[in-house]
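Asks: Input: one structure, supplied below.
Coordinate-derived values only; no laboratory data. Source: prediction; values computed, not measured. Methodologically, a virtual Cβ is constructed for each residue, glycine included, from the backbone with ideal geometry; neighbour enumeration extends over all protein chains shown.
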């Protein structure tokens, strides 16, 4: 099979679909890999590195897409990349269709077969291709939250760490999946008092067994409980995820009015439309905006700020699936592996994943 690795064009996106080491393993299996020129240059993977590992460098993205059967990316294609896609392509990447209905329907119209990393499952029901980036985003949420708490960044001017026996600052984490759990760990390690808001009482019990009672509060999710926590918080992390669906809006517009100016809100769920009603997608170039003095950070590719770490972590998870699709072909690989089949989002000009269809009322 001919596999294409295009250069990502999203704002400040330097991750790449396959590393040179990964390509060596793919070509060892007898496949051809085409890599767009300088696709990995910003994270230290030169064209020469790729060529040494068996890849062929392609200078033109149109040629790469046209010549490749399987396209391995990181982020969903932007609309100006749609013209390169056709029924002859299998697209393996994060798609996050539920976050943008109109763009998703246009992507389906290209005829491409789309397999989304974020809905591929494991035998245990986990999301093994989403998990690495969720883990990174969860850790980053506390790093960027702390940074934007600084007064010159429009924040409250507070420090999470323990200082002169002062009371710890408060971090609220809404949603305790992979991203939320990583945010909790990072916040605790920075000396914060953490409020965990979670809908599942069973999950709250698991977290209590894991973290204990020091500097932590376990809260069943409700509008009233969320509002109370927001009023007391310095950083709020939204980490709500429903497979294939638009994220539910758990923080309402009117709640923002009762928060302290300079509080920082980090919406990890922004790829799926965001879990704050006041969220709108931002970029690494212009990551925040204010609503009633409350700082909103809603960057849709948070792990892109650590592209080398993120690329290496993602490749460990995706490479076995890439090789399986290449070795068996699309249909047999989907037939043989229900977990990969669960990643199928677009086929024959239609959105086919049930959760996405429900989200779009299709």
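Asks: Pick from 343, 202, 114 the residue whose mean-square fluctuation is largest in a GNM of the chain, springs joining Cα atoms under 10 Å.
Replies: Among 343, 202, 114, the largest GNM mean-square fluctuation belongs to 202.
Asks: Using a Gaussian network model on the chain with a 10 Å cutoff between Cα atoms, which of 284, 296, 152 fluctuates the most?
Replies: Looking only at 284, 296, 152, the largest GNM fluctuation is found for 152.
Asks: Can you tell me the orientation of helix 223-232 relative to the chain, as the angle in degrees between its alpha-carbon axis and the longest Cα principal axis, to the nearest 10?
Replies: Helix 223-232 and the main axis of the chain meet at about 70 degrees.
Asks: Nearest 5 is fine: what % of DSSP beta bridges in the chain come out antiparallel, could you say?
Replies: Working: 8 of 47 bridges.
The antiparallel proportion sits near 15 percent.
Asks: Give the calculated FRET efficiency between residue 12 and residue 159 to the nearest 0.05, with a Förster radius of 22 Å applied to their Cβ-Cβ distance.
Replies: On the way: r = 27 Å, r/R0 = 1.22.
Given R0 = 22 Å and the Cβ-Cβ separation, E is 0.25.
Asks: Write down the radius of gyration of the chain and its Dmax, each obtained from C-alpha positions, in Å.
Replies: Rg and Dmax of the chain, Cα atoms, are 21.0, 63 Å.
Asks: For the chain, calculate the relative contact order in percent as a whole number, restricting contacts to Cα pairs under 8 Å that are 6 or more residues apart. Working shown, then result.
Replies: Values: 793 pairs, mean separation 68.8, N = 362.
Relative contact order of the chain: 19 percent.
Asks: Each label point is 7 Å from the Cα along the Cα-to-Cβ direction; what then is the distance between the points at residue 280 and residue 253, in nm?
Replies: 1.2 nm
Asks: Additional query: Convert 20 °C to kelvin, take the viscosity as 1.002 mPa s, use the Kirkwood radius over C-alpha pairs of the stretch 32-114 as Rh, and evaluate the Stokes-Einstein diffusion coefficient in µm²/s, rounded to a whole number.
Replies: Result for D is 158 µm²/s.
Asks: Viscosity 1.002 mPa s, temperature 20 °C: give me the Stokes-Einstein translational D for the stretch 131-304 in µm²/s, with Rh taken as the Kirkwood radius over C-alpha pairs. Don't jump to the answer; show the numbers that get you there.
Replies: Values: Rh = 15.6 Å.
Taking Rh from Cα pairs, D becomes 137 µm²/s.
Asks: Relative contact order, percent, of the stretch 131-304 when contacts are C-alpha pairs under 8 Å separated by at least 6 residues?
Replies: Working: 376 pairs, mean separation 38.5, N = 174.
Rounded, it is 22 percent for the stretch 131-304.
Asks: Give the angle, between 0 and 90 degrees and rounded to the nearest 10, that separates the Cα long axis of helix 178-189 from the longest principal axis of the Cα atoms of the chain.
Replies: The helix 178-189 is inclined about 50 degrees to the chain.
Asks: Something else: Counting each pair of different Cα atoms once, what's the Kirkwood radius of the stretch 209-278 in Å, rounded to one decimal? Each step should come with its number before you reach the end.
Replies: Details: mean 1/r = 0.0763 Å⁻¹.
For the stretch 209-278, inverting the mean 1/r across all distinct Cα pairs yields 13.1 Å.
Asks: Per DSSP H run of at least 4 residues, take -39500 (n - 2.57); add these up for the chain, divide by its residues and hand me the 222 nm value, nearest 500 deg cm²/dmol.
Replies: Working: 13 runs with 126 residues, N = 362.
So the calculated ellipticity at 222 nm is -10000 deg cm²/dmol.
Asks: Calculate the FRET efficiency for residue 60 and residue 349 from the Cβ-Cβ distance with a Förster distance of 25 Å, rounded to the nearest 0.05. Mind showing how you got there, number by number?
Replies: Details: r = 26 Å, r/R0 = 1.04.
Result of the calculation: an efficiency of 0.45.
Asks: Report, in cubic angstrom per residue, the convex hull volume of the C-alpha atoms of the stretch 232-311.
Replies: Values: hull volume 7.5 nm³, N = 80.
In the stretch 232-311, the Cα hull volume divided by residue count equals 93 Å³.
Asks: For the stretch 198-238 and the stretch 315-362, what is the separation of their Cα centres, given in Å?
Replies: One Cα centre to the other: 34 Å.
Asks: Taking the stretch 270-336 as the region of interest, what is the percent of Cα-Cα pairs per 5 angstrom bin, listed from the shortest bin to the one with the maximum distance?
Replies: Answer for the stretch 270-336: a P(r) of 4, 15, 16, 13, 12, 12, 11, 9, 5, 3, 1 percent.
Asks: Another question about this same structure. R0 = 51 Å: FRET efficiency of residue 46 with residue 224, Cβ-based, nearest 0.05? Intermediate results must be reported in sequence, preceding the final value.
Replies: Numbers: r = 55 Å, r/R0 = 1.09.
So, using R0 = 51 Å, E works out to roughly 0.40.
Asks: What whole-number distance in Å separates the alpha-carbon centres of the stretch 24-94 and the stretch 242-282?
Replies: 34 Å
Asks: Quick check: the angle from helix 201-211's long axis to the longest principal axis of the chain, C-alpha only, nearest 10 degrees?
Replies: Value to nearest ten degrees: 80.
Asks: Here's another thing I want to ask about it. Report the gain in length on full extension from residue 166 to residue 152: 0.36 nm times residue separation, minus Cα-Cα distance, nm rounded to one decimal.
Replies: On the way: separation 14, 0.36 × 14 = 5.04 nm, distance 2.20 nm.
Additional length available on full extension: 2.8 nm.
Asks: Separate question: Connecting C-alpha atoms closer than 10 Å in a GNM of the chain, tell me which of 128, 77, 168 has the biggest fluctuation.
Replies: Among 128, 77, 168, the largest mean-square fluctuation in the Gaussian network model of the chain belongs to 168.
Asks: Given the Cα-Cα distance of residue 232 and residue 289 and 0.36 nm per residue of separation, how much length would full extension add, in nm? Write down the numbers at each step before the final one.
Replies: On the way: separation 57, 0.36 × 57 = 20.52 nm, distance 2.06 nm.
Result for the pair: 18.5 nm of gain on full extension.
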